[in-house]
Amino acid sequence: MPLSCPMHDEAAFGPVVAAVPACYNGFDFTLLFEEIFFSLVPNVILTILLISRVFQLLRRRPCASTSKRLDQYWIKQTARITFILINFVKLFVLCLLAPRTPLSIPAAVVSLFVAICVPFLTHLEHYRSPRPASLLSLYLGHVLLFDIVCTRTLWIIQDNRPFAITFSVGVGVHLALFLAINICSDAATTDQKLPRETRANVYTRGLFWWLNPLFWLGFKTILDVPHPPAIDTGLRSRDFFEKLGDGLIGATAFIYIGLAIANANAQHKTYRVITKLRGTLVSLIYTKTLTVSVPTAQKGSPITLMSADVERTATELRFMHECWASCIDIGLGIYLLELQLEPTSVAPGVLFLLCSVVGLEVAASMGQRQRLWLEAIEKLIKATSNALAAAKEVRMGGLQVVMENKLRELRQEEIKASRKFKNALALIVCLSYTTAAMGPVLSFGIYSLLAKRNNTKHVTSEIGFTALSIFSLLRTPMAMILDAISGLVAATSAIQRIGKYLPADSHRRPLSPLTSATLSINTKKDAWSPVSESKDVITAALFSAGWSKEQGFIVQDATFSITPGSLTFIVGPYGLVLDACALRDDIARLPNGDYEIVDDGGSNLSGEDTIFTSLLGPDGLLRKNGKTVIFATNALHRLSLADHIIVLTADGTIAEEGPYSKPGSSASAYVQAGKKEVEHNDYKAMTLSILIETQTATEVKGQQRRTGDFTIYK
């Protein structure tokens, strides 16, 4: 067969050469394809791996003695140097004499670079590794096969005999280096003699050739304890135990860190949902309360709905996802338990089903029980808020004991109403932990009885500890699912209470725009009638209301009774009540003046004594208007404001009476006793200046809180 394949056919990528007789009828790769995939690619891969291997070996301590087996070391070094020289010669011949492809010179340069790096790597492998260089062994073995294919291609190219001869010699040197690295034994180690598996090259380990001496020894003699060779260093129990301990510590840390992150994210998402639900419910209740009438709002008790019901809903929905997630955990746990205890694994499942049925029955009644409890809480909160709002009246009327007894009675009723719900909750908790506590007892008991009756395997330590581990995994989901279901029922009951309040009819006052005409209302007829050109007036019975562009709304001489939920007018000359109640100075120091929103009960206005004196004192509003006031009190310091004092006994009869200013009268003695009581109790009326100082101090304290205080970190 002629060997005269033209270079232009070999310079194509191919991958196969042209199907002509001179080129083996296409039964060959092109030279360009071989240079890419048989030379450049393996050399580039080796260069990358060689750098990593060098850094790895540099971190190891030397394990070979330089004084032993120097002949083998120099044999391998001679082969490596020869390998470098033949690659240099191939590059020289290729540049001067041989025909070439565009990638022939780059492929030869990369091969020369790899050949120069090989001695350095083999030197490190010789002194820092107990076995031959696996990376070089694999590289030389594979590239040797590739070079054989390339040699065949080079010999059939026209005018390429010099480079083909040089390349063939290079293949021989390549084979000699491969045999020197893999056949020559490594140097002895400094610490101990290593086993054959540790010293074997990659091909010997792959073909299990290192076991042949042991097989030959077993063929000749009977193997005894000293005969088997030492095991590999990587299989020593001491090293393995240390690595296993480190691995277990790392795995445990990974598990618990993962659990912490997963649980934190799950709870964060759950509480986000709960926060959205709380905000939605509060907004709905608030918006609805602004639109309903006062009697409807008082009947629905929005304060209780916003506090107790919304908080109960948010609290009970914390474990809502346990209702479905725990079912999956329980199913997987019973399946794993069945692998250990076989049929007896159904015992905890049956017990769980029985407890679940009872728990669901109890949970179904928890809604009604919670509703009764919340209604009792609603009564208590309403009574407490009313008592706090009327604290002045209660003290002035001497009703502290009565109010205290009433609140105590409501509190006792609330506790009594809560017992049914709390008893049901306690029963749910008992049922939840009954499954976790009695499940192992029933399972192991039934397993032992069946093993004794059927003469099968009893509970071993392996089965027992494995089953107990699975039971510990089942404890949490079995306990959580019943608690989650009862909480879901309680939250549903609270939401239903809110749902009954929201559909209440909204209160809307029909409004009609005023025109140039005037609405006139009297006892005989209702009609529009013009009164004047400057203003419009609405008249009805004894009052009139009007509006003008200059003065706005005007209301005069209103006399009517106020019913709950109706629109109330405050009628009278501006400033009359302000002067009578000493509110003018209070309003003057308020930031918004007349438009300031007064706190509940007027807590941000002046003190009790100032208002009391302005109404009942010598210059009070009631005295000016000639009104008679009968005041029943046990506060002796108030007696000085009375014109006539009547002292009653415990049975309601009159003990003494008379004016407080008459000297020597019995009533005057009570006045003096009242003064002594005031002095003894160091009673001091709160003046306007003290109020201003107190409020200023409170505001300054609030500013300090906003800026922070480092003492809280001590």
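General observations
- Rounded FRET efficiency, nearest 0.05, which uses the C-beta distance separating Thr291 from Ala588 and R0 of 35 Å: 0.45
- Proximal charge balance of Lys627 [Cβ under 15 Å; K/R count +1, D/E count -1]: 0
- Greater than 27 Å apart at Cα, pairs in Lys288/Lys379; Lys276/Lys420; Lys288/Lys406; Lys379/Lys500: Lys276/Lys420; Lys288/Lys406
- Proximity of backbone amide H atoms, modeled 1.01 Å from N, is registered between Glu656 and Val647 at under 5 Å, excluding neighbours fewer than 5 places apart on the same chain.
- Nearest-0.05 FRET efficiency for Arg318 and Gln412, computed from C-beta distance (R0 41 Å): 0.85
- Segments 143-155, 254-266 sorted - mean Cβ within 10 Å per residue, highest first: 143-155, 254-266
- Inter-label distance, Leu211 to Ile231: 1.6 nm, where each label sits 7 Å from its Cα along the C-beta direction.
- Theoretical gain in end-to-end length, Ile148 to Thr47 [0.36 nm per residue, Cα-Cα removed]: 34.2 nm
- Full-stretch length increase - Ile165, Ala390 - with 0.36 nm per residue and alpha-carbon distance subtracted: 69.2 nm
- Based on Cα contacts under 8 Å between residues 6+ apart, region 268-501 shows a relative contact order of 39 percent.
- Amide H contacts of Val16 (H built 1.01 Å from N, in plane; Pro and chain starts excluded): Thr30 sit under 5 Å, all sequence-distant by 5 or more or on other chains.
- For the listed peptides 206-212, 330-336, 362-368, 217-223, a ranking on the average number of other beta carbons within 10 Å per residue, highest first, reads 362-368, 330-336, 206-212, 217-223.
- In order along region 324-336, the phi-based Karplus estimate (6.51 cos²θ - 1.76 cosθ + 1.60, θ = phi - 60°) of 3J(HN,Hα) comes to 9, 5, 5, 4, 5, 4, 5, x, 5, x, 5, 5, 5 Hz; Gly and Pro are listed as x.
- Each peptide in 473-484, 419-430, 270-281, 449-460 gets a packing score, the mean of other Cβ atoms within 10 Å over its residues, and the list from highest to lowest is 473-484, 419-430, 270-281, 449-460.
- Amide H within-cut-off set for Ser293, under 5 Å, with H built and near neighbours excluded: His507
Every read-out reported here was derived from the displayed coordinates using simple, explicitly stated rules and does not represent laboratory data. In this text, all values refer to a predicted model and were calculated from it rather than measured experimentally. No Cβ is skipped: glycine too gets one built from the backbone with ideal geometry, and neighbour counts run over all protein chains shown.
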